[in-house]
Amino acid sequence: MHTSSTLIDNQDRKRVLLAANYFIAVMSAFTSYINFKVGTYLALASIQAVVVFICFYLILKIRSDKLRLSYSLITSSIYMLLVTYATYMSNLNTAIGAWGMTLPVLFYFLNSIRPGFIFSIMYLFIYTWILVGVYNTQNIKPLANFVLAYLIVWGIAHVYEKNRLKNQAQLTKLALKDPLTNANNLLALRHDFEQRTKAEKDVGLAMLDIDFFKKVNDTYGHDVGDDILMQLVELFQKKVSEKDVYRTGGEEFVLLFDASEDEALKVLKEICTETEHKTFNCSNGNNINVTLSCGFIHFSAIALQEPNSLSKMLKTADLLLYHAKEQGRNQIITREN
């Protein structure tokens, strides 16, 4: 999954996690008060009171920190333990076991597919153990009814979460990918660049443009131009990671590099040389040759912490690209040039 897709998913889960902790805290506070007042389940009331404080602590951590798996696992465990203990203490005289039906939905919403599946099957075994192992119920009907209803809720939660993740990935692809070449787009560049700056590493940025591309489109047609763009992206992705290739305009691309300036320039020279000697075989039978002009800028980790560092890099790289065009095309211009 693309990092931006993961970010969107984490934001959704963070909201659900906050809502779950608020709900558990309020529910636990209310039932704790009732149990203390009635005096029937004092141990459960004490546990619920502790849960209230844990939930509010988690709420503070979740609001001030990025989403962590431990937060959702703790929340899921707390809720499952509350329902389990309440079911165990009720002596099956109440319908409190019905709360167990809510567990699969919460597990999947908070933790996604694999943890949701594990938590769901754990509670199914726990409830069966309480009913059969603890209370030695001879009547199979209560267990059968619970298991069948639980499996239906579990199945719906599993299918829903699986489809939700699939649809989210597709929507993210539409938002962050260029539909023609499948390269990342400018929106993806802005997000990915932000993640790079947090990693506190030097970053190289190359802006590449196909020389005389308008003439290619005018002479051979836009279908030929599209073929060249797609084949060019394939070439880029072989030389650098697929996630580091961005189409930012018609025939304009950006490549990101984690490597040193010398290493990045070496790869760029290979790209430009291979492009110059490559014959682009187009769908209408034309064989086209093109060249690239490139502007390259390398920023240190310190410089990347400055405000609007991406805008500065793009502006500088664009200016260097302009100089490459002005000085005859088919070349790489850096600040040192």
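Only the coordinates and a few stated rules stand behind these numbers; no lab work does. Not measured: the values here are computed from a predicted model. Neighbour counts run over all protein chains shown; Cβ positions are idealised from the backbone, glycine included.
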Taking a cut-off of 19 Å between Cα atoms, list the aspartates and glutamates near Lys278, but don't count ones fewer than 8 places away on the same chain.
-> Asp209, Asp211, Asp223, Asp226, Asp227, Glu234, Glu251, Glu252, Glu270
Filter the trypsin sites (Lys or Arg not before Pro) in the range 29-101 to those in DSSP coil with at most 15 other Cβ atoms within 10 Å of their Cβ, and list the result.
-> Lys66, Arg68
On the first, second and third principal axes, largest extent first, how far apart are the outermost C-alpha atoms of the range 186-334 in Å?
-> 49, 29, 24
Which values, in whole Å and largest first, are the semi-axes of the equivalent ellipsoid of the chain obtained as the square root of 5 times each eigenvalue of the Cα gyration tensor?
-> 59, 23, 13
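Could you tell me the number of lysine pairs in the range 3-176 with C-alpha atoms less than 20 Å from each other, where the two lysines are 8 or more residues apart or belong to different chains?
Numbers: Lys14/Lys61; Lys14/Lys66; Lys14/Lys162; Lys14/Lys166; Lys162/Lys173.
Number of lysine pairs found: 5.
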Pairwise label distance in nanometres, Asp258 with Arg335, each label 7 Å out on the Cα-Cβ vector = 2.3
For the range 35-149, what D do you get in µm² per second when you plug the Kirkwood radius from alpha-carbon pairs into Stokes-Einstein at 37 °C and 0.692 mPa s?
-> 212
What number in nm² do you get for the range 107-199 if you take the convex hull of its Cα atoms and divide its surface by four?
-> 8.8
Separation of alpha-carbon centers, the range 308-322 and the range 28-106, rounded to whole Å = 54
Hey, what angle do you get for helix 140-176 against the long axis of the chain, alpha-carbon based, 0 to 90 degrees rounded to 10?
-> 20
